[in-house]
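Report on one structure; see the data block that follows.
The values are calculated or read from the model by the stated rules, or taken from the named source; none is laboratory data. Computed from a predicted structure; not experimentally measured. Here the Cβ positions follow ideal geometry from the backbone for every residue, glycine too, while neighbour counts run over all protein chains shown. Each accessible area value is taken on the protein alone, full model and side chains, heavy atoms only, with ligands, DNA and RNA left out. Shrake-Rupley method; radii C 1.70, N 1.55, O 1.52, S 1.80 Å.
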Amino acid sequence: MHRLGLVSISFRKHAPREILQAMREVGLTEIEWGSDVHAPPEKAAEIARLQAEFGINCSSYGTYFTLGKTPLSELERYIAAAQTLGTEILRLWCGEKNSEEYGAEEKAALFAECRKAAEIARKNGVTVCMECHNYTYTNRKESALELMQAVGSPQFGMYWQPNQYRSERENLAAAKLLAPYTERLHVFHWRGDERLPLADAVGLWQSYLANFPDEKTLLLEFMPDDRLASLATEARALREIAGVN
């Protein structure tokens, strides 16, 4: 059975306690904390106590650590925070520009940094995952696959989410290609810059999900209107996608 949850950055204006309370009310059990607002490393112990109070698990730690920019010496600090929160999955960013903008030397240096990060993750018993995101090296399915194969480590994986600027056909192809490397999925329904209710994309998301044969953690990311009150409706659509009553 898929595990269902929420990315905390969906509600940056709300306190962790408010978010956890809302999650418990709608039956979501997994949270990915963002390190920028809700769970910087120095607050990890405090957040872990709140999780225990509300019976919510930490599925992953959404860091803003950028490979190729953030000093690699800082990675273990984020790993320690993730472990305090109770997760072995960290989200990282890979580079600061689209893959097609990298020259050969830049790419070689970035890939070397990624291999070093994978080794640090291995030594600490965690997995670092890149997000499919524009303005990073994993902006395209082909470049993401290239990176996964070049690093070649089970401690170096992917997140997956549809690209709202690409066609459904392209997103389905990306899901199929990257499924073997994917640890977590971010779930939303956007068309370009327009945010739409997830209920309008249940069938589409079921098609996406069919490419991931194993049980996954599905995390709602952003509400169509940014309102905490919309979480119930979005969670209902997520359960329908996952086939969970």
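Do we have any residue at all in the range 72-79 that's touching a helix residue (DSSP H, G or I) at 6+ places or on another chain (Cβ under 7 Å), open to solvent by 60 Å² or more (accessible area, probe 1.4 Å) and not hydroxyl-bearing (Ser, Thr, Tyr)?
yes
Just to be sure I understand, how many residues within the range 87-101 are open to solvent by less than 60 Å² (accessible area, probe 1.4 Å) and either among the small types (Gly, Ala, Ser) or within 18 Å of His186 (Cα to Cα) (or both)?
Matching residues across the range 87-101 total 9.
Return yes or no: is Lys123 under 21 Å from Thr63 (Cβ atoms) and open to solvent by 30 Å² or more (accessible area, probe 1.4 Å)?
Taking the combined requirement at face value, the residue satisfies it.
Would it be correct to say that Ala104 is closer than 19 Å to Leu145 by Cβ, surrounded by fewer than 15 Cβ atoms within 10 Å (Cβ to Cβ), at pLDDT 95 or above and not charged (D, E, K, R)?
yes
Does Glu131 satisfy the criteria of being open to solvent by 40 Å² or more (accessible area, probe 1.4 Å), in contact (Cβ under 8 Å) with a residue 40 or more places away in the chain, within 18 Å of Cys94 (Cα to Cα) and not hydroxyl-bearing (Ser, Thr, Tyr)?
no
Can you list the strands (runs of 3 or more DSSP E) lying wholly within the range 152-231 that have 3 or more residues being in contact with a Gly (Cβ under 8 Å, 6 or more places away or on another chain) and not basic (Lys, Arg)?
217-220
What tally of residues in the range 21-35 results from selecting those that are part of a helix (DSSP H, G or I) and either touching a Pro at 6+ places or on another chain (Cβ under 9 Å) or buried (at least 22 other Cβ atoms within 10 Å of the Cβ) (or both)?
1
For the list (1) at pLDDT 95 or above; (2) closer than 26 Å to Leu4 by Cα; (3) in contact with a Phe, Trp or Tyr (Cβ under 9 Å, 6 or more places away or on another chain); (4) of a type outside the set (Ser, Thr, Tyr), I need the number of the one condition that Ala48 fails.
Unmet condition: (3).
Under 7 Å by Cβ, and 6 or more places apart or on different chains, what pairs join a residue from the range 111-126 that is under 17 Å from Gln149 (Cα atoms) with one that is at pLDDT 95 or above and open to solvent by 50 Å² or more (accessible area, probe 1.4 Å)?
Listed pairs, sorted by first residue: Glu113/Gly68.
Please determine whether any residue of the range 55-68 is on the phi < 0 side of the Ramachandran plot and more than 19 Å from the chain's Cα centre (by Cα).
Within the range 55-68, not a single residue is on the phi < 0 side of the Ramachandran plot and more than 19 Å from the chain's Cα centre (by Cα).
Out of Phe156, Phe188, which single residue is open to solvent by less than 50 Å² (accessible area, probe 1.4 Å), closer than 25 Å to Gly103 by Cα and within 14 Å of the chain's Cα centre (by Cα)?
Going through Phe156, Phe188 in turn, just one is open to solvent by less than 50 Å² (accessible area, probe 1.4 Å), closer than 25 Å to Gly103 by Cα and within 14 Å of the chain's Cα centre (by Cα): Phe156.
Run down Asn163, Asn171, Asn211 and say which single residue is open to solvent by less than 20 Å² (accessible area, probe 1.4 Å), over 18 Å from Phe11 (Cα atoms) and either over 17 Å from the mean Cα position of the chain (by Cα) or among the polar types (S, T, N, Q) (or both).
Of Asn163, Asn171, Asn211, the one residue that is open to solvent by less than 20 Å² (accessible area, probe 1.4 Å), over 18 Å from Phe11 (Cα atoms) and either over 17 Å from the mean Cα position of the chain (by Cα) or among the polar types (S, T, N, Q) (or both) is Asn171.
With the checklist (1) open to solvent by 40 Å² or more (accessible area, probe 1.4 Å); (2) in contact with a Phe, Trp or Tyr (Cβ under 9 Å, 6 or more places away or on another chain); (3) small (Gly, Ala, Ser) in hand, flag the one item Ala109 doesn't pass.
(2)
Given Ala150, Ala235, which one is touching a Leu at 6+ places or on another chain (Cβ under 9 Å), of a type in the set (A, V, I, L, M) and surrounded by 14 or more Cβ atoms within 10 Å (Cβ to Cβ)?
Ala235
Given (1) touching a residue at least 24 places away in the same chain (Cβ under 8 Å); (2) on the phi < 0 side of the Ramachandran plot; (3) open to solvent by 40 Å² or more (accessible area, probe 1.4 Å), identify the lone condition not met by Phe222.
(2)
Give the residue, chosen from Lys123, Lys107, that is farther than 30 Å from Ala52 by Cα and in a helix (DSSP H, G or I).
Exactly one of Lys123, Lys107 is farther than 30 Å from Ala52 by Cα and in a helix (DSSP H, G or I), namely Lys107.
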